[in-house]
Amino acid sequence: MHETTIAESLLGSAIKSADGKKITKIVFSPGVFSGIEKECLLACFNELKKNTLASTAELEVIIGPAELSCSKCAFKEQFDGTQKIKINCPKCNSQLNLKGGDGMLIKKIEVENGN
Ligand SMILES: [Zn+2]
């Protein structure tokens, strides 16, 4: 399953960068088009974290938005998956360009007693 692979690599990189310290929190930001099911990822993570340095870590998932921009006028909008995606500019009706939304970024890893 997609989410299992992601949870595994997420956990792997977090443990690597924690340098032997206990992980308390991980903030992960997959793009809106990454196809990640938040609930599913959380469930996988909570299963995989058992008996690791991240066994008590909390995973926060923040879906990263994509940006829609018009090449003809200055129209710009963030698309976060909660609204219907626009194809054409609402101001001048030109076709909109879509940027981003497909990345996967670990924003933050918090460890115990460490700043
Ligand atoms: Zn426009």
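Throughout, read-outs are computed from the coordinates displayed, never taken from laboratory work. The model shown is predicted, which means the values in this text are computed figures rather than measured ones. Counting neighbours? That spans all protein chains shown, and the Cβs are built from the backbone with ideal geometry, glycine included.
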Point to revise | One residue from Asn51, Asn93 being of a type in the set (S, T, N, Q), in a loop (DSSP other than H, G, I, E, B) and within 16 Å of the ligand (Cβ to nearest atom) | key: Asn93
Exercise for review: Using the structure shown, decide if Lys99 is within 14 Å of the ligand (Cβ to nearest atom) and either in contact with a helix residue (DSSP H, G or I) (Cβ under 8 Å, 6 or more places away or on another chain) or in contact (Cβ under 8 Å) with a residue 12 or more places away in the chain (or both).
Suggested key: no
Exercise for review: Determine which single condition Thr82 fails, assuming it passes every other condition in (1) in a loop (DSSP other than H, G, I, E, B); (2) touching a strand residue (DSSP E or B) at 6+ places or on another chain (Cβ under 8 Å).
Suggested key: (2)
Review point. Within the set of pairs 6+ apart or on separate chains, which have a first residue in region 69-81 that is of a type in the set (Gly, Ala, Ser), a second that is outside any strand (DSSP E or B) and near the ligand (Cβ under 8 Å from one of its atoms), and C-beta atoms under 8 Å apart?
Key: Ser69/Phe75; Ser71/Ser94
Check your understanding: Residues in region 14-23: is at least one at negative phi, surrounded by fewer than 13 Cβ atoms within 10 Å (Cβ to Cβ) and within 16 Å of the ligand (Cβ to nearest atom)?
Key -> no
Review point. When both residues are 6+ apart or on different chains and their Cβ atoms are under 9 Å apart, which pairs have a first residue that lies in region 3-20 and is closer than 9 Å to Cys44 by Cα, and a second that is charged (D, E, K, R) and assigned to a helix (DSSP H, G or I)?
Key: Thr4/Glu47; Ala7/Glu47
Revision key, fill the gap. Over region 82-92, the set of residues without any contact (Cβ under 8 Å) to a residue 12 or more places away in the chain and either surrounded by 11 or more Cβ atoms within 10 Å (Cβ to Cβ) or small (Gly, Ala, Ser) (or both) is Asn88
Practice item. Identify all residues within region 70-79 that are near the ligand (Cβ under 6 Å from one of its atoms) and part of a loop (DSSP other than H, G, I, E, B); write none if there are none. Key: Lys72, Cys73, Phe75
